[in-house]
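The structure appears below as structure tokens.
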Amino acid sequence: MQINQINPGTAFHKSPNRIIATLFGAVYVLVGLLGFFWVNGVPFAGPGDGSNAILGIFEVNPLHNIAHLLIGSALLIAGAGTAASARAANSTVGALYLLLGIVGFFLTAPDGGRSPVNFLSLNVPDHILHLASALLLLATGLGADHGATRDREQPEPEAQHV
Amino acid sequence: MRTWPGLAAIGAGLIHLGSSVGAVPAALTPLLLLGVAEVLWGVLALSRTAPPAAPAAAGGTAVALVGTVVGLLLPGSAARHGFSVSLGVPPVAFAVGGALDLAVGVLLVVHLLRGRIETRPMRPLRFVLEAGAAAAVVAVLVTQGLAATSVGGSMPMQMH
């Protein structure tokens, strides 16, 4: 077997982790790109005045959009790989989002979210989205594809003929 | 219903951890311990095919529910007798945390009564849909509960 042969791993439709990683990755990349249409006059890493909300719901700033693009790309790449890589990415991003879901409340508490402390320009719908993403990514990462490990998905190297 | 107990426990844990920030010293430690235990148990429950230590967890949930009811009723009851008691935890946070604990308890009792573990792997799409529904419901409830606490600055639930 060639060393650079594509490792098929677990089929996409049979792996909840690959489905979720790809779906969330695509959505976060799309949201990250769309967000740049709503950040006119918004500080790079500071709160806006409420007009910087995607579809009038989720507040963003340029830094927030870049974070969405990076996270979305990581999930997309992991989803395109193996179930093990998707599982690792889902668990890691889920844990990070859970942390952000909690820390976000501390950031938006002072001055109703209009304080410079709110460097990601978060609002309540953002908290809901972050917590929902965290819970779904964690549930999938921890609860699905139990048999998918890096060792099991890597094809066995062929025996060397001496 | 495999992911519901774990996600509901993590949600209840987050609310209890958030509530402990503004709580009076007498309520702070129990809320902190309860929150940590719920989050840890929730993560364990998600990573296993069956809820871990189900009888003990059901008992723990019952104790948490009794505490929630006492916390909800104590200030009003004390006021009727001329005392002023405040635990520093808003009723909404207590109620949402209690509702999630109740959900965990009911699911654990159902699991214990059925007495068997589902070993057949769940179909991927069904897993994704079920986990998605559970995550959405728990996230909305947790945000409402946390927004009512001092962590959320008692922020109004407006869209922007």
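Tabulated values for the structure
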read-out: From A:75, A:107, A:69, A:129, residue being within 11 Å of another protein chain (Cβ to nearest Cβ) and either within 16 Å of the chain's Cα centre (by Cα) or at pLDDT 90 or above (or both); value: A:129
read-out: Qualifying residue in the stretch B:55-72 (condition: touching a residue at least 12 places away in the same chain (Cβ under 8 Å), touching a Ser or Thr at 6+ places or on another chain (Cβ under 7 Å) and either surrounded by fewer than 18 Cβ atoms within 10 Å (Cβ to Cβ) or farther than 20 Å from residue A:99 by Cβ (or both)); value: no
read-out: Where residue A:39 falls short, out of the listed (1) in contact with a helix residue (DSSP H, G or I) (Cβ under 7 Å, 6 or more places away or on another chain); (2) under 29 Å from residue A:144 (Cα atoms); value: (2)
read-out: Candidate set from the stretch A:49-73 (those that are assigned to a loop (DSSP other than H, G, I, E, B) and either polar (S, T, N, Q) or touching a Gly at 6+ places or on another chain (Cβ under 8 Å) (or both)); member that is surrounded by the most Cβ atoms within 10 Å (Cβ to Cβ); value: A:60
read-out: Selection from the stretch B:11-62 of residues that are within 14 Å of chain A (Cβ to nearest Cβ), farther than 16 Å from residue B:94 by Cβ and either of a type in the set (S, T, N, Q) or part of a helix (DSSP H, G or I) (or both); value: B:36, B:39, B:40, B:41, B:42, B:43, B:44, B:45, B:46, B:47, B:49
read-out: Leading residue by the ranking (surrounded by the most Cβ atoms within 10 Å (Cβ to Cβ)) among those in the stretch B:135-149 that are facing chain A (nearest Cβ under 7 Å) and more than 17 Å from residue B:91 (Cβ to Cβ); value: B:138
read-out: Filtered residue count, the stretch A:12-48, keeping only those that are closer than 22 Å to residue A:74 by Cα and part of a helix (DSSP H, G or I); value: 24
read-out: When residues of the stretch A:100-137 are limited to those that are aromatic (Phe, Trp, Tyr) and surrounded by fewer than 21 Cβ atoms within 10 Å (Cβ to Cβ), the one farthest from residue B:148 (Cα to Cα); value: A:119
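The values are calculated or read from the model by the stated rules, or taken from the named source; none is laboratory data. Nothing here was measured: the structure is a model prediction, and the numbers come from that model. A quick note on method: Cβ atoms are made from the backbone with ideal geometry, for glycine too, and the neighbour counts reach across all protein chains shown.
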